[in-house]
1. Which net charge results for the neighbourhood of S76, defined as the other residues with beta-carbon distances under 12 angstrom from its beta-carbon, given Lys and Arg at +1 and Asp and Glu at -1?
2. Please name whichever of S76, A16, Y400 sits farthest to the positive end of the charge dipole of the chain, dipole taken about the Cα centre and charges placed at Cβ: Lys and Arg +1, Asp and Glu -1.
3. If packing is taken as the average count of other Cβ atoms within 10 Å, what order do 264-271, 121-128, 401-408 fall into, highest mean first?
4. For R150 and E91 in the same chain, what is the full-extension length gain: residue separation times 0.36 nm, less their Cα-Cα distance, in nm?
5. Which shape class applies to the range 84-196: rounded if a/c is under 1.5, otherwise prolate when a/b exceeds b/c and oblate if not, where a ≥ b ≥ c are the square roots of the Cα gyration tensor eigenvalues?
6. Name the residue, out of K119, K364, K21, whose mean-square fluctuation peaks in a Gaussian network model built on the chain with Cα pairs under 10 Å.
7. In percent, what relative contact order does the range 2-193 have, based on Cα pairs under 8 Å that are 6 or more apart in sequence?
8. Given the -39500 (n - 2.57) contribution per DSSP H run of 4+ residues, what per-residue ellipticity at 222 nm results for the chain, rounded to the nearest 500 deg cm²/dmol?
Amino acid sequence: MRISVIGCGYLGAVHAACMAKLGHHVVGIDVDPKKISALSSAKAPFYEPGLDELLREVQATGRLSFTSEMSKAAGSTVHFVCVGTPQKRGENGADMTYVDAAIDSLLPYLEPGNVVVGKSTVPVGTAARLASVIGEQLDAHLLWNPEFLREGHAVSDTLNPDRFVYGVSDGSEEHEAVSILDDVYAQPLAEGTPRLVTDHATAELVKAAANSFLATKISFINAMAEVCEATGADVTRLADALGMDDRIGRKFLNAGIGFGGGCLPKDIRAFMARAGELGADQALTFLREVDAINMRRRTRVVELTRELCDGILLGKRITVLGAAFKPESDDVRDSPALSIAAQLQLQGAVVTVTDPKALSNAAKRFPELQYERALEIAVSRSDALLLLTEWQEYRDLDPYELAGAVSSQRILDGRNVLDAAKWRAAGWTYRGLGRP
Ligand code: UDX
């Protein structure tokens, strides 16, 4: 099938490559010429494991191309809308400028029978609004197909998702667009991926609700971490025990510095804002608490670092291990690690940040922080190490080897991934979050 993918960021670039991998002829379209030129030479404009290899593989087949000209969408049967919906400046709601602009510029090239498939995370009601814009002009369809991929696992999450959700205007399996999208996803469907057909609003809500649930789960365990800190209990053992109840499950119960990234924080805020517009704000007031618990973790880490440094941050050399919002990503959007690094610096600490992949993005966002790629230089003469993004190379650090490099053997494990007993035995003052 001929497919266009509009928007080639974290979502669209991966989606375009994966659709070509499934055997389709794909054109990726983006207004940013830098992204297009990188992608055209099979280079992802961001770090995502396996993506460069996949781009090389599918571009060699001739089935994948990239352009900044929307006219190249003409002739495709399916048009995926994958543009960003960031948080509006100074407001909680989602900024719909890019989605609206994508649809407006696509309209002249749509043909009757085409299917526009929305993948961006949008406020509920958007699909119905866009369907009427498209339907008024010609006999094309609008299907909402939310994307659940995680950065760091984007390729496998796209090719083998847990489920497909198709939102169509009448919520019916018989809708013409359903069988067209089934053809696009024929391979994963044949492999057994479940597929649910819903109305537009339900499909949009599945995404908002899923991210809210995940954020709530993380904030729940971080709230337990606060209680553990007050009682001397260990939140990691608590999470292990809770997770053995298969109604609860162990995933997303890792207490630490909280969630960040380009999705969870802005999506729960946009969801609250939308519920307010719909007169259902009371239903989601708990998300305000979820957000507040999450933000409190960052302040808590600053306070714990001060305690670790004998009550004084001024002039202390602090090394922050990790800048990305999570490992296997170079994304620093709303990264709790960077936010903590910046707060420590503001309070007079001399902060050096290291990360295997995210330093150039970090430097654009927080140019005032010091960055050092080489781990051995970053840790040298440090008064305290803060492990804030759990890259494997930081999990594997040897406390005995590291002891000689630092000024003081103090470590704060912001992700609770180190073996506390081992680090203490090697002479370190170890602090975890929600752990004695
Ligand atoms: C998330 C959703 O998982 C995905 O389905 C959706 O499509 C986009 O948003 P992503 O932002 O890539 O994906 O990251 P995710 O793996 O969900 O992690 C989000 C944040 O939560 C990270 O900062 C991570 O470190 C943190 N986290 C995750 C925890 O603090 N504890 C956990 O137990 C799990």
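1. Summing Lys/Arg as +1 and Asp/Glu as -1 gives +1.
2. Y400
3. 264-271, 121-128, 401-408
4. That works out to 18.7 nm of additional length.
5. Verdict is oblate for the range 84-196.
6. Highest fluctuation of the listed residues: K364.
7. Averaging sequence separation for qualifying contacts and normalising by length gives 20 percent for the range 2-193.
8. So the calculated ellipticity at 222 nm is -12500 deg cm²/dmol.
Values quoted throughout were computed directly from the atomic coordinates according to the rules given, and no laboratory measurement underlies them. For clarity, every value in this text was computed on a predicted model and none was experimentally measured. Because the Cβ atoms are built from the backbone with ideal geometry, glycine has one as well, and the counts that use them run over all protein chains shown.
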